[in-house]
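So the structure is just underneath, and the comments pick up after that.
The values are calculated or read from the model by the stated rules, or taken from the named source; none is laboratory data. For clarity, every value in this text was computed on a predicted model and none was experimentally measured. No Cβ is skipped: glycine too gets one built from the backbone with ideal geometry, and neighbour counts run over all protein chains shown. The area values use the complete protein model at the heavy-atom level, side chains included, leaving out ligands, DNA and RNA. Shrake-Rupley method; radii C 1.70, N 1.55, O 1.52, S 1.80 Å.
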Amino acid sequence: MTQLELNNPSDNPRQTFFVDVILPVPIPKMFTYRCPLELNKYLQVGCRVIVQFGARRILTGVIGKIHETPPAKYEAKYILDVLDPEPIITSQQLPIFEWIANYYMCTLGEVLNIAMPSGLKLSSESRVQLHPEFDIFESTYDFSDNEELLIDILGKNDSLTYTEVSKALQMKNIFSLIKSLVQKDALIIFEEIKEKYKPKKENRIRLVKEYANKTALQALFKTLEKKPKQEAILLQYLQLVPIYKQQHLNEKGIAKTSLLAPDLSASAIKTLTKNKVLEEFEITVSRFPDDDLPVVDIHLTEYQQAAKEKISASFKEKDTVLLHGITGSGKTEIYISLIEDALAGGSQVLYLLPEIALTTQIVARLKKVFGNKMGVYHSKFSDNERVEVWNGVLSGRYQLVLGVRSSVFLPFDNLGLIIIDEEHESSYKQYDPAPRYNARDVALMMAGMHHAKVLLGSATPSMETYYQTQLGKYGLVELSQRYGDAQLPDFLVSDMINEGNKKLLHGDFSLGLVKGITDTLQNEEQAIIFQNRRGYSPFISCNQCGHIPKCNNCAVSLTYHQYRKELICHYCGYKEPMPKACEACGSTHLKTVGIGTEKLEEDLSLQFPGAKVQRMDLDTTRNKNSYERIIKDFENKEIDILVGTQMVSKGLDFDHVNLVGIIDIDRMLHFPDFRSFERTFQLSTQVSGRAGRRKKKGLVIIQSRNPKLTIIKDIINSDFHTFYQREINERKVHLYPPFTRLINVTIKNKNKDLATRTANRLGNLIKEQLGVHRVLGPQEPFINKIRNEYLVELLVKLERSAVDLKKAKQLMQAAADEILLEKDLKSSRIVFDVDPY
């Protein structure tokens, strides 16, 4: 393993030090290791170390503390190596990690596991080699032909991986063979530790130095007069690298691929390299090369400038400000102007977005302004790409980062401004695995530690955020007009029951929506159709006996996906082929029930055969560049109708969208969740905002079975304030956030009875400690079995002003620990989710 030298060795190279290491495993404390004397000079808090954990596991940990006190309860193992010359976790990050672990009731190791890119964690690979003391002629064991062959192969090689052994022996199953040789003391198995992150390399070509002048080149060309292929390579090189005018360019050379054009000879390159005319070399290059794009200036309108000045004035008194601007009001331009000011002051900026889909459009806009100062960070990047962005923040290459929720873990050391766009979005919340954090709330805590300012932006703020502005804790700036000449769209509500009775429906589409799409296509404009359910239909049912196929692992029906011709569970991924007959009664009369995005895509293609219909949901955006491709095609008018889930509602900006259809608002409204009205208002308002964002007024058509609901009136009128007041009064009466904090406790066990008994015991203990009135349940959730585990839930409601939150969490954790020590209940898992919704 490569030894790394440090610029700041320890002042005490002969002193025994111990290090507390954060390990990426769910243990409650850091684990203490002893440092070999020869590694003392490499020790720094925040550096990665390789350690042994348990009998065989080799892990990458991070030094959390350096001290001189050995552990009292166990003998400290030695750390195996220090990996970094400088810390990769900054001194500002560790307190944030600790806060996340404490607040969200998880371990520090679980935070590190999700915070640190996989590419920064070591991987190990099993290898086999001959036992150093093995001699086949002295062995008392008998060996099979294959065993002797492997011994012979290993005698010619230092070691081989399992894959290499399988290939050498031309055998698929080599495990029993290896096990036999280990038992005969012929082989040993060991783990090879290696870095996952691999820098990107590029092969380059340049002229050998002695030819990099005019005289030598002229002589060279004379020798190549009868070698046209080699001459063509040389001419191509000189065309790309004009060394007559700029001789220093030869030092950098060019990518070898530049000389591998179809009309050029690859063998000629080899010959010129062999004859030492050209030389090949390798360099490390960034996966995010610098762009030579012209920088564009942003000019704010009068009302945008006024809003920016109000934000800046509010920042003088408050650390957090909400920019409440209607859809299409030009919030992004204000963000850009504030970012420019922060960067000019020497600070770093984090710009958070809820969805990867949003980054595609925003990146293009911000690149024009900030060029190569900006890095992008999200889960569709490969492990290597994520490491390069991490290192780019550490090195100062990226002063601005645009990213999704995981960006809060990046190693900032001088944050001056955090912008949280669409701050109301549930996508900022992580549900599994732990830590079950909300990136918005983590960012607010980060800002406090960095003494940074936070700008929250939304057309439909969360109840909690807007409530804080009413208390005076957050500043509030409002934008009530759209950018330029754009106007808010008109609304049409289709009464689906009335139209159904009159037989006016076209399948799942109202008469108004069909006419709206027809007019939109005739005007060569575009439409967005919103249905927050993917798949073809939620389930299939037998017409004869009513049987509905269920998941084998979860208590939920299987969703039909027509394109795959499969029934799929959206909770565990279980899938089975679409049956030809009912598995209960054998009838072949099966029907699909309900509508998902796949069915809408099919129905729209049949209803409007000349239109290009595209779907945008989880199933069509799994690949790295699929978001970008769909959005680009829609921007270029290669798609007429875009059908999608909530992805299409989030801040996307299209010039030619003049119609938005909301297919099934009732299902969202009646979802069993205290936030269902809030989420419906937000999603409906946001997707409606995609219509008519330029000069022409757009149209939004809402399909409902109860069109006279008050909330639909609020959506039509874009009346957030009336909706907020009614909703906040309801929350106050029933003690829901922002008046309380919620902690959802889920008990999981493969045995239903044990899950129930654990939940009852835990519920009783928590009620004794916190009071019966603060604990709801235990009760089974709507879906009471997921991944073969039965679920029972408790909901703990803690008043913000009357309860010590930290103490309450400690009591709950202690109660859980006590129960899991009981012999008959220890197989249960207890999961705490703080601020769950």
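Relative protection proxy for 367-378, 163-174, from highest mean packing down: 367-378, 163-174 (other beta-carbon atoms within 10 angstrom). Place a point 7 Å from Cα of HIS734 in the direction of its Cβ. Which residues in segment 393-431 have their backbone N less than 20 Å from it? 426, by backbone N distance to the label point. 3J(HN,Hα) along segment 672-683, derived from phi through the Karplus expression 6.51 cos²θ - 1.76 cosθ + 1.60 where θ = phi - 60°, amounts to x, 7, 5, 8, 4, 5, 4, 5, 5, 4, 5, 4 Hz, with x in place of Gly and Pro. Note on segment 743-837: dipole from Cβ charges, positive end direction compared against LEU821, GLY777, ASN749; the farthest Cα belongs to ASN749.
Positive contributions from Lys and Arg (+1) and negative ones from Asp and Glu (-1), summed over other residues with Cβ under 12 Å from the Cβ of GLU818, come out at -1. Other residues lying with their Cβ under 15 Å from the Cβ of GLN646 contribute a combined charge of +1, Lys and Arg counting +1, Asp and Glu -1. Counting protein heavy atoms only, segment 203-270 has 52 percent of its accessible area on carbon and sulfur, 1.4 angstrom probe. Solvent-accessible area of segment 415-492 (1.4 angstrom probe, protein heavy atoms only): carbon and sulfur portion equals 46 percent.
Shown in residue order for segment 301-317 are the 3J(HN,Hα) couplings computed by the Karplus curve 6.51 cos²θ - 1.76 cosθ + 1.60 at θ = phi - 60°: 6, 4, 6, 5, 4, 5, 5, 4, 5, 5, 4, 4, 5, 5, 4, 5, 10 Hz (x for Gly and Pro). Per residue, what accessible area does the chain have, given a 1.4 Å probe and all protein chains present, in Å²? Solvent-accessible surface per residue comes out at 48 Å². Considering helices alone, the calculated mean residue ellipticity of the chain at 222 nm is -10000 deg cm²/dmol, with DSSP H runs of length four and up weighted by -39500 (n - 2.57) and normalised per residue.
Ligands, DNA and RNA left out, the accessible area of segment 7-82 computed with a 1.4 Å probe is 52% carbon and sulfur.
Amide H to amide H distances under 5 Å link ILE786 with ALA555, LEU791, where only residues 5 or more positions off or on other chains count and H is placed in the peptide plane. For the set LYS612/LYS632; LYS515/LYS696; LYS503/LYS599; LYS591/LYS750; LYS256/LYS276, the pairs lying more than 24 angstrom apart at their alpha carbons are LYS591/LYS750. Among the cysteines of the chain, those whose beta-carbon sits 4.7 Å or more from every other cysteine beta-carbon are CYS35, CYS47, CYS106, CYS572. Residues in segment 319-326 carry Karplus couplings, in order, of 7, 10, 10, 9, 9, 9, x, 4 Hz; the curve used is 6.51 cos²θ - 1.76 cosθ + 1.60 with θ = phi - 60°, and Gly or Pro positions show x.
Based on the Kirkwood radius over alpha-carbon pairs, what is the Stokes-Einstein translational diffusion coefficient of the chain at 20 °C with 1.002 mPa s viscosity, in µm²/s?
Estimated via Stokes-Einstein, D reaches 68 µm²/s.
Tally Lys and Arg at +1 and Asp and Glu at -1 over the other residues with C-beta under 10 Å from the C-beta of LYS612: what net charge comes out? With Lys, Arg at +1 and Asp, Glu at -1, the net is -2. Annotation: extensible slack from SER118 through MET171 equals 15.9 nm (criterion: 0.36 nm per residue apart, minus Cα-Cα distance).
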